[in-house]
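The values are calculated or read from the model by the stated rules, or taken from the named source; none is laboratory data. Being a predicted model, the structure only gives us computed values, none of them experimental. Glycine also receives a Cβ, built like all others from the backbone with ideal geometry; neighbour counts cover every protein chain displayed.
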Amino acid sequence: MRYDLHNNMQQEKVAIVTGSSSGIGYETSILLSKNGFHTYAAVRNLDKSKSLIDIAKKDDLLIDVVELDVSNDKSVKDAINRVLSENKRIDVVVNNAGYALVGSFEDLSMDEIKSQFETNFFGAIRVIQAVLPTMRNQRNGRIVNVSSMGGRIAIPLDSAYHGTKFALEGLSESLQYEVEQFGIKIIIIEPGAIKSNFFNNLKMASKAQRPDSPYIQMMQKLNAGFSFMLENAPHPVEVAKVILAAASSEDPQLRYTVGDDAAMIVQAKRTMSDREFGNLMRKQFLSQ
Ligand SMILES: NC(=O)c1ccc[n+]([C@@H]2O[C@H](COP(=O)([O-])OP(=O)(O)OC[C@H]3O[C@@H](n4cnc5c(N)ncnc54)[C@H](OP(=O)(O)O)[C@@H]3O)[C@@H](O)[C@H]2O)c1
């Protein structure tokens with residue numbers, strides 16, 4: 001809650017979470033609303049919002065579902081305008097919508113790569129540009145960008161996905177210096193493997209599925225690596241808890257990893273030479 005000097009009343013803080021139909025976004029919308037945020041759960045397909053609406057009703061949560069496709073300029077503008085017209089403010093934005101394009105770089109088409117960037121990178125940019133003037137005027141705001149441990153390290157056959165997440169990290173790191181003077185904090189969340197629909201929703205590049213792809217054996221090894229990574233992966237609510245704590249902090253860090261795998265691999269990258277780290281990755285993902 002925050003005290004509004006002009007209206008002399010308590011106001012809820014207002015949050016919007018993209019990609020709330022499942023996984024991390026779904027859990028984050030619920031957790032933010034349970035912790036006093038008037039939360040706009042943004043989904044690109046309203047047909048997938050029934051579970052959110054049911055839980056909001058059952059637990060008497062202040063969740064509004066709003067349609068938002070991050071890859072579409074108008075959809076982003078309409079959604080943010082609705083939040084602003086209903087509240088005149090926006091305190092927390094969670095840029096979470098995303099998916100992974102999988103396939104060797106040689107097997108990726110330009111259209112597949114562009115679509116990957118439209119969602120994971122330009123999608124976050126559209127939302128940030130839509131909320132920044134309001135956050136600057138109110139001299140307060142938290143922009144939470146859901147990156148990945150894959151925004152710090154790269155595995156094979158995921159070059160476009162890593163490209164989007166490394167780009168999001170670079171954008172976030174630069175932007176923090178520009179907006180901190182206006183009370184706006186940029187927060188990067190770096191989950192490791194999380195048991196959500198993410199791995200079912202992977203988009204396999206169409207050429208990568210051909211049996212004559214020169215990278216087919218590498219793809220098979222990678223699939224085995226994914227299964228291993230998911231064995232002890234945390235539930236998406238663990239990411240939501242970190243997002244809530246970071247967004248609620250007066251003085252948040254720039255980066256938060258989630259999961260032991262993310263903490264370990266980011267630490268290894270920091271302390272090892274490129275050659276040592278590369279050999280670790282080869283052993284994990286490419287050896288028999
Ligand atoms: N799970 C992991 O292991 C993991 C690890 C590191 C980082 N992450 C990151 O965490 C974020 C959330 O992933 P998740 O694990 O929760 O996966 P998820 O369950 O597949 O959720 C992805 C969400 O993004 C939405 N989305 C995709 N494209 C969209 C678009 N153009 N506009 C609006 N929404 C869109 C999906 O909506 P639909 O239901 O309509 O498809 C869904 O709500 C992603 O950015 C991902 O890169 C995940």
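Out of Asp54, Asp4, Asp60, I need the residue that is surrounded by fewer than 24 Cβ atoms within 10 Å (Cβ to Cβ), modelled with pLDDT under 95, more than 22 Å from the chain's Cα centre (by Cα) and of a type in the set (Asp, Glu). Which one?
Being surrounded by fewer than 24 Cβ atoms within 10 Å (Cβ to Cβ), modelled with pLDDT under 95, more than 22 Å from the chain's Cα centre (by Cα) and of a type in the set (Asp, Glu) holds for just one of Asp54, Asp4, Asp60, which is Asp4.
Considering each residue of the range 117-126, count those that are closer than 16 Å to Glu169 by Cβ and of a type outside the set (A, V, I, L, M, F, W, C), and give that number.
Summing the residues that are closer than 16 Å to Glu169 by Cβ and of a type outside the set (A, V, I, L, M, F, W, C) in the range 117-126 gives 2.
Would you mind telling me which numbered condition in (1) in contact with a Ser or Thr (Cβ under 9 Å, 6 or more places away or on another chain); (2) among the polar types (S, T, N, Q); (3) closer than 23 Å to Glu27 by Cβ Asn87 fails?
Evaluating Asn87 over (1) in contact with a Ser or Thr (Cβ under 9 Å, 6 or more places away or on another chain); (2) among the polar types (S, T, N, Q); (3) closer than 23 Å to Glu27 by Cβ leaves (1) as the failure.
Checking Gly98 against (1) more than 11 Å from the ligand (Cβ to nearest atom); (2) not in a helix (DSSP H, G or I), only one condition comes out false. Which one?
Answer for Gly98: the failing condition is (1).
Quick one: how many residues across the range 154-195 are within 16 Å of the ligand (Cβ to nearest atom), of a type in the set (Asp, Glu) and closer than 17 Å to Ala246 by Cα?
2
Just wondering, is there one or more residues in the range 199-215 that are in contact (Cβ under 8 Å) with a residue 24 or more places away in the chain, closer than 21 Å to Ile265 by Cα and among the aliphatic types (A, V, I, L, M)?
no
If you go through the range 206-229 one residue at a time, do you hit one that is in contact with a Lys or Arg (Cβ under 7 Å, 6 or more places away or on another chain) and aliphatic (A, V, I, L, M)?
The answer is no; no qualifying residue exists.
Restricting attention to the range 101-116, report how many residues are assigned to a helix (DSSP H, G or I) and either surrounded by fewer than 20 Cβ atoms within 10 Å (Cβ to Cβ) or more than 17 Å from the chain's Cα centre (by Cα) (or both).
Within the range 101-116, residues that are assigned to a helix (DSSP H, G or I) and either surrounded by fewer than 20 Cβ atoms within 10 Å (Cβ to Cβ) or more than 17 Å from the chain's Cα centre (by Cα) (or both) number 9.
Yes/no per residue for (1) over 30 Å from Ile216 (Cα atoms); (2) of a type in the set (Val, Ile, Thr); (3) touching a His at 6+ places or on another chain (Cβ under 7 Å):
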| residue | (1), (2), (3) |
| --- | --- |
| Leu62 | yes, no, yes |
| Asp69 | yes, no, no |
| Ala79 | yes, no, no |
| Leu84 | yes, no, no |
| Ala97 | no, no, no |
| Ala100 | no, no, no |
| Asp107 | no, no, no |
| Met110 | no, no, no |
| Gln116 | no, no, no |
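Just one of Ser85, Ser159 is at negative phi and free of Cβ contacts under 8 Å to residues at least 24 places away in the same chain; which is it?
Ser85
Under the condition of being in a loop (DSSP other than H, G, I, E, B) and small (Gly, Ala, Ser), which residue from the range 196-238 is nearest to the ligand (Cβ to nearest atom)?
Ser196
Of the residues that sit in the range 51-73 and are within 12 Å of the ligand (Cβ to nearest atom) and of a type in the set (Gly, Ala, Ser), which one is nearest to Phe122 (Cα to Cα)?
Ser71
Can you tell me which residue within the range 33-50, out of those that are part of a helix (DSSP H, G or I), touching a residue at least 24 places away in the same chain (Cβ under 8 Å) and within 11 Å of the ligand (Cβ to nearest atom), is farthest from Ala245 (Cα to Cα)?
Here the answer is Lys48.
Within the range 101-120, restricting attention to residues that are under 17 Å from Leu202 (Cβ atoms) and among the hydrophobic types (A, V, I, L, M, F, W, C), which residue is farthest from the ligand (Cβ to nearest atom)?
Step by step, filter the range 101-120, then rank; the result is Phe105.
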